[in-house]
Amino acid sequence: TAPWDVTFLEGGPQLPEPRHIEKLESWTEWGEQAAQFGGLARYRTTFQRPGAGEYILDLGDVRESARVILNGREVATLFALPFRVPVGDCLKDGENELILEVANLGANRIAEMDRQGIDWRHYYEINFVNILYKPFDASAWDPVPSGLLGPAKLIPAEVAREPK
C-alpha cells in the first residue's frame with residue numbers, strides 16, 4: 001500500500017514525465033504519452049520490515065519483466081509467472097528501499113509509429129505481413145497494459161531444511 005515514484009528511463013517515442021502514484025495500475029492509464037511508450041521505467045518505494053524471518057516478494061501482475069533491487073542489492077530479474085522471489089536475506093531492520101526496473105512490450109510504440117506513418121520496418125529478404133498475408137499495420141491496436149500492475153506484497157515464508 002506504500003506510494004511509488006515512477007521515472008521513465010529509456011524508450012520512446014518520448015519519455016513520459018515522472019509520477020508519484022498511490023495505487024499500482026497500467027501506465028497506459030496515465031495519458032496519451034505514457035500509453036504510446038515502449039521501454040523501461042523505474043518504480044521506487046520504501047517500507048518497514050514487517051518482522052524477522054524469510055519473506056517472498058510477490059509483484060503480482062507485471063507487464064512484462066522486472067529487475068528487482070532491494071536496498072541496493074540486485075536480487076533477480078523476473079520475466080515469467082509467478083513474479084515472486086525470496087528476499088529475506090536482503091531485508092534490513094527499519095526502512096527498506098525497493099526499486100523495480102520494469103520493461104513493457106514494444107507493441108504500444110509500434111502502434112504509435114504506424115499511426116504516425118513512421119518507417120520502422122528495416123528488414124531484408126523478408127515479407128513482413130499480418131496473419132492474413134496483408135501488409136502489417138498496427139495502427140488500430142489498443143494500448144497493451146504496461147508496467148507494474150500489482151498488487152506487490154511481502155509474504156512471510158518458512159525455509160525448508162533437509163531432515164537430519
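Scanning the stretch 138-159 for residues that are within 22 Å of residue 85 (Cβ to Cβ) and not in a strand (DSSP E or B), which turns out most open to solvent (accessible area, probe 1.4 Å)?
158
In the stretch 88-123, how many residues are open to solvent by less than 90 Å² (accessible area, probe 1.4 Å), without any contact (Cβ under 8 Å) to a residue 24 or more places away in the chain and either touching a Pro at 6+ places or on another chain (Cβ under 8 Å) or at negative phi (or both)?
Adding up the residues that qualify gives 4.
Which numbered condition trips up residue 36, out of (1) more than 16 Å from residue 105 (Cβ to Cβ); (2) open to solvent by less than 70 Å² (accessible area, probe 1.4 Å); (3) at pLDDT 95 or above?
Failed condition: (1).
Could we say that residue 47 is open to solvent by less than 60 Å² (accessible area, probe 1.4 Å) and either of a type in the set (S, T, N, Q) or more than 24 Å from residue 144 (Cβ to Cβ) (or both) here?
Yes; evaluated as a whole, the condition is true for this residue.
Take the residues in the stretch 46-67 that are part of a strand (DSSP E or B) and over 29 Å from residue 112 (Cβ atoms); name whichever of them is farthest from the chain's Cα centre (by Cα).
Going through the qualifying residues, I end up with 54.
Looking at 76, 66 in this structure, which one is in contact (Cβ under 8 Å) with a residue 40 or more places away in the chain and surrounded by 16 or more Cβ atoms within 10 Å (Cβ to Cβ)?
66
The values are calculated or read from the model by the stated rules, or taken from the named source; none is laboratory data. Keep in mind the model is a prediction, meaning the values are calculated, not measured. Every residue, glycine as well, gets a Cβ built from its backbone with ideal geometry; the counts of neighbours run over all protein chains shown. These accessible areas exclude ligands, DNA and RNA; they are computed on the full protein's heavy atoms, side chains included. Shrake-Rupley method; radii C 1.70, N 1.55, O 1.52, S 1.80 Å.
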